[in-house]
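Take a look at the structure set out below.
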Amino acid sequence: MNRFVAAERALRTAAPHELLDAVRRVLTEQYAAVSVELFLADYGLTVLRPVSVLPHTMEPISVHNSAAGRAFGSQEPYAEALRDDLARLHLPVTVRGDRLGVLSVTLPDGEQAQGSLAELSDVAQVLAHEVVVAERDTDVYMQARRKNRLTLAAEMQWQLLPGRSCARPEYELGAQLEPAYAIFGDNFDWSATADHLMLYVTNGMGEGIEASLLTNLAISALRNARRAGLSLADQAALADQAVYAHYRGSSYLSVLMLDFELATGRVSVVDAGSPRMLRLRDGAVERVELEAQLPLGMFDETDYGSQELCAEPGDRLVFVSDGVYGVSSPEGEAYGDAALVRAIQATRLLPAAEVPRAILRELTGHRGQSASDDDALVVCLDWLGR
């Protein structure tokens, strides 16, 4: 049995809370590793936090200016030379484009590190899959991601999300919510089949748990309709009825719904009072104007219709909630479309998974020292086509 197979078997047979112990043990035995540490990105994507037993004893590592952060941001293994001829490999822990963290493995010498790089990168990918599965049965990895305590509303929202990034040959997706530890009702959701990608971007209403409950109801209704095989417009109508039946129009929410045909780039869109959509094409950024319809749950039995767009290979689509374009500076200047255009241009060379974090970081600078009083959501889709 070769080394990689031994590592894979150890991970697949380990108890959910013992994945780090299992990978540490097998890498020590099979690769002569001096140390093995697993770091997971926190909810705010600012630090990589060590997976360890509470109370944590290791310090978090910055995503922005560390060797592990470099591997996380670039999604490429990074070799760090240490004293005494030791070498440390920082390996992205990523599953289907969803960036979870970094596996750091210290080996006795640089030559061995280079020779083992490909195999250890594969081990890190297997570990990523096992972490996702293990989270059904243990809180160890979710606890490790927390730099601060989540509010109850934020806990509900993070549990509702599909991930923060994903990738397929036809597209790459990235999304982020702020304030990460106290979000209310903004949300994103996606689902892919062999032929379609469905993407939903939600601009929530209200504050705290009430906002989270409203979004949970709407997203659950949309998923229920989607999984029943209904069209985009019928999904919106069913979710609209579910929200109105409960709130009778006192609460409602805006959703932008998109159905991408992977083979052609044709896009069906339902704009239910949506967040804004901007497109970067051939170096120019423009706001995509859509046929606005009523938000979900505002009135009883609203009919929805879809419109057609076309995504071209190389297009970048950026979706933002009002917590982005409506934010004011200390002088009262709104962030607005002009600033968004500049931000999208400034981040055009970044991968889709990095763009939301970069735009939200610039937004924080625009807002200044004042605390955010609304959710801010950014979703970035790079359309690659077939």
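The values are calculated or read from the model by the stated rules, or taken from the named source; none is laboratory data. Not measured: the values here are computed from a predicted model. For neighbour counting, all protein chains shown are included, and Cβ atoms are generated from backbone atoms with ideal geometry for every residue, glycine included. These accessible areas exclude ligands, DNA and RNA; they are computed on the full protein's heavy atoms, side chains included. Shrake-Rupley method; radii C 1.70, N 1.55, O 1.52, S 1.80 Å.
Assorted remarks:
- Residue check for residue 74: among the hydroxyl-bearing types (Ser, Thr, Tyr), under 17 Å from the mean Cα position of the chain (by Cα) and open to solvent by 10 Å² or more (accessible area, probe 1.4 Å): yes
- Identity of the residue in the stretch 187-209, touching a Pro at 6+ places or on another chain (Cβ under 9 Å) and in a strand (DSSP E or B), that ends up farthest from residue 254 (Cα to Cα): 191
- Scanning the stretch 96-125 for residues that are aliphatic (A, V, I, L, M) and surrounded by 19 or more Cβ atoms within 10 Å (Cβ to Cβ) yields 100, 102, 103, 105, 107, 113, 120, 123, 124.
- Positions within the stretch 168-183 being at pLDDT below 95 and open to solvent by 50 Å² or more (accessible area, probe 1.4 Å), in sequence order: 178
- Of the helices (runs of 4 or more DSSP H) lying entirely inside the stretch 1-97, those containing at least 3 residues that are over 28 Å from residue 161 (Cα atoms) and not small (Gly, Ala, Ser) are 3-13, 19-31.
- Meets criteria (of a type in the set (S, T, N, Q) and out of contact with any helix residue (DSSP H, G or I) (no Cβ under 8 Å at 6 or more places or on another chain)) for residue 231: yes
- Members of the stretch 334-347 found to be open to solvent by 20 Å² or more (accessible area, probe 1.4 Å) and in contact (Cβ under 8 Å) with a residue 12 or more places away in the chain, listed by number: 337, 341, 345, 346
- Residues that are within 24 Å of residue 351 (Cα to Cα) and in contact (Cβ under 8 Å) with a residue 60 or more places away in the chain within the stretch 150-166 comprise 158, 163, 164, 165, 166, listed in sequence order.
- If you go through the stretch 238-251 and keep only what is crowded, with 20+ Cβ neighbours inside 10 Å and either touching a Phe, Trp or Tyr at 6+ places or on another chain (Cβ under 8 Å) or of a type in the set (A, V, I, L, M, F, W, C) (or both), you end up with 239, 240, 243, 244.
- Residue satisfying condition, being open to solvent by less than 20 Å² (accessible area, probe 1.4 Å), in contact with a helix residue (DSSP H, G or I) (Cβ under 6 Å, 6 or more places away or on another chain) and touching a residue at least 12 places away in the same chain (Cβ under 8 Å), within set 378, 355, 320: 378
- Taking the conditions (1) closer than 21 Å to residue 131 by Cβ; (2) touching a residue at least 40 places away in the same chain (Cβ under 8 Å) in turn, residue 190 satisfies each one other than (2).
- For residue 57: the one exception among (1) farther than 24 Å from residue 154 by Cβ; (2) modelled with pLDDT of 95 or more; (3) β-branched (Val, Ile, Thr): (2)
- Selection of strands (runs of 3 or more DSSP E) fully inside the stretch 238-344 by the criterion of at least 1 residues being among the hydroxyl-bearing types (Ser, Thr, Tyr) returns 254-261, 266-272.
- Look at (1) open to solvent by less than 40 Å² (accessible area, probe 1.4 Å); (2) modelled with pLDDT of 95 or more and you find that residue 213 fails only one, number (1).
- Residue selected from the stretch 277-313 under the condition aliphatic (A, V, I, L, M), open to solvent by 50 Å² or more (accessible area, probe 1.4 Å) and at pLDDT 95 or above, by the criterion nearest to residue 206 (Cα to Cα): 294
Here's the yes/no breakdown for (1) open to solvent by less than 10 Å² (accessible area, probe 1.4 Å); (2) hydrophobic (A, V, I, L, M, F, W, C):
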residue	(1), (2)
161	no, yes
166	no, yes
189	yes, no
194	no, yes
208	no, no
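- From the list 357, 348, 386, the one residue that fits, being assigned to a loop (DSSP other than H, G, I, E, B), under 30 Å from residue 96 (Cβ atoms), of a type outside the set (Ser, Thr, Tyr) and in contact with a strand residue (DSSP E or B) (Cβ under 7 Å, 6 or more places away or on another chain), is 348.
- Scanning the stretch 55-97 for residues that are charged (D, E, K, R) and either in contact (Cβ under 8 Å) with a residue 12 or more places away in the chain or in contact with a strand residue (DSSP E or B) (Cβ under 9 Å, 6 or more places away or on another chain) (or both) returns 59, 70, 76, 80, 85, 88, 96.
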